[in-house]
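Structure record follows, encoded as structure tokens.
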Amino acid sequence: MSKSIIVLGAGMVGVCTALHLQRLGYTVCLVDRREPGRETSYGNAGLIQREAVEPYPFPREFGKILRVALRRGFDIRYHWAALPTLMPRLAGYWSASAPARYRDIVPPYARLILHAIDEHRVLMEAADCLALARPGGYRAIFSRADSFALATARAERLERDWGVHSAVESAADLRRAQPMLAADAVGAVHWQDPWSVVDPGALVTAYATLFVRQGGEVRQGDAQSLRGEGAGWAVETVDGVLTAQQAVLALGPWADGMLRRLGYRLPLFVKRGYHRHYVCARPPSVPLQDADRGFMMSPMRAGLRVATGAEFASLGARATPLQMTRAESAARRWLDLGEAVEPEPWLGARPCTADMLPLIGPAPRHPGLWFNFGHGHQGFTLGPISGRLLAEMLDGASPVVDPAPYAPSRYA
Ligand SMILES: Cc1cc2nc3c(=O)[nH]c(=O)nc-3n(C[C@H](O)[C@H](O)[C@H](O)COP(=O)(O)OP(=O)(O)OC[C@H]3O[C@@H](n4cnc5c(N)ncnc54)[C@H](O)[C@@H]3O)c2cc1C
């Protein structure tokens, strides 16, 4: 069992954690109930978001809160039935989003984001899958002059504070750059640093394949069967009981259920989201965000992926894809979408924390157990750097960034 580790959850975060532990000489087994990269890390908008140095705060503007409460617009929706459970966690989210606290949350979030592209690039080169990535950023397009002016000012601020590169484009610039657009925008912010991925699930698969090629093992099993055994941990898999000295929980949106079994009550919640692919004969050359309506249009191998904003609901509640329906009709104003590829939209859930920072580090009350989840809107971006940070902490090496702000003990 020496230097042996079980990583539970084979999404982007778990697979990258396994790869980095392997690099440090650990014997790692990845356990998931499905194939690697089949859940949230499959269904996202595929952006590696070097520009996302500021996590999404809870809206504080009265007008926006009223619009959400009255269920106008479709960037944010909620289920009434989920509110009693969600309220205490959303209260924490609301208070962390107050300007004075939020100011302190941005730097540790940004310090992870700044590494995102470099860390992905290293893994893509090793996994020989750079062809899945498309540098060139994405465009946020605006229909309203007031929001475009705010975004322009924000772009200047992010360049000054965090070296985020962007170009502000007029309506004419945008038309020249993306002639397939069927409607006029008032302008666009072209975020130039991000990469986009043409098949997010395939990227996780490529990283998992690299892990196996380097001697790692992937097993099918249920994380809920995790139990302490002697000085280590044991989990049931289809090939029998697996034991190891240490274990990492990288269960994304399912972490909360597991933690409750272990006696933790952490302020975790999910923001669900939908996507659907469309045939779209003339897709844009880079992903487009309809910034005023809050959805993405990402050209991918499977078609143009239209991905929605946030739905506050219980993880397992039935699908209510109204946001998808509205995003589809708004997207049809911009692009000739053509037919939908799948009969039904995909539904997934962003794993969120009240203070918008992921939990990366040792479990507060369980020696040999580690957490790596809660990456919210940017887990696909942050998987490699989070995996590296967790692995370095676990190994006692000097960590790539100061891990203190992400310590799970902040909630214990
Ligand atoms: C619509 C949408 C768009 C998004 N767009 C972006 C984007 O453009 N860029 C970005 O960076 N992020 C984006 N995100 C967020 C991102 O997808 C997530 O933060 C990220 O995928 C989380 O990765 P993860 O590995 O933590 O979780 P997951 O990918 O969900 O992995 C968790 C794994 O745990 C496994 N698991 C769960 N329970 C058990 C169990 N009991 N036993 C065994 N295994 C179990 C699951 O099968 C799964 O494989 C988006 C999310 C959504 C919903």
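The values are calculated or read from the model by the stated rules, or taken from the named source; none is laboratory data. All values derive from a computational prediction rather than experimental measurement. All Cβ positions, even for glycine, are placed from backbone atoms using ideal geometry, and neighbour counts span all protein chains on display. Areas reflect the complete protein model, heavy atoms only, side chains present, ligands, DNA and RNA absent. Shrake-Rupley method; radii C 1.70, N 1.55, O 1.52, S 1.80 Å.
Values computed for the structure shown
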| item | result |
| --- | --- |
| Residues listed by number, segment 75-97, amide nitrogen under 18 Å from ARG318 label point at 7 Å toward C-beta | 78-83 |
| Exposure rank, largest accessible area first [LYS3, LYS271; 1.4 Å] | LYS3, LYS271 |
| For the chain, the longest site-free run once GluC sites (Glu not before Pro) in DSSP loop states with at most 14 other Cβ atoms within 10 Å are removed | 62-338 |
| Estimated FRET transfer efficiency (ASP118, ARG265; beta-carbon r; R0 35 Å; 0.05) | 0.45 |
| Helix-only [θ]222 nm of the chain, DSSP H runs n ≥ 4, -39500 (n - 2.57) each, per residue, nearest 500 | -10500 deg cm²/dmol |
| Accessible surface of segment 319-412, 1.4 Å probe, proportion on carbon and sulfur as whole % | 54 |
| Relative contact order (%) - criterion: Cα under 8 Å, at least six apart; region: the chain | 26 |
| Surface accessible to a 1.4 Å probe, per residue, for the residues of the chain, Å² | 40 |
| The chain: antiparallel DSSP beta bridges as a percent of all, rounded to 5 | 70 |
| Segment 22-80 and segment 169-219: distance between their alpha carbon centers, rounded to Å | 16 |
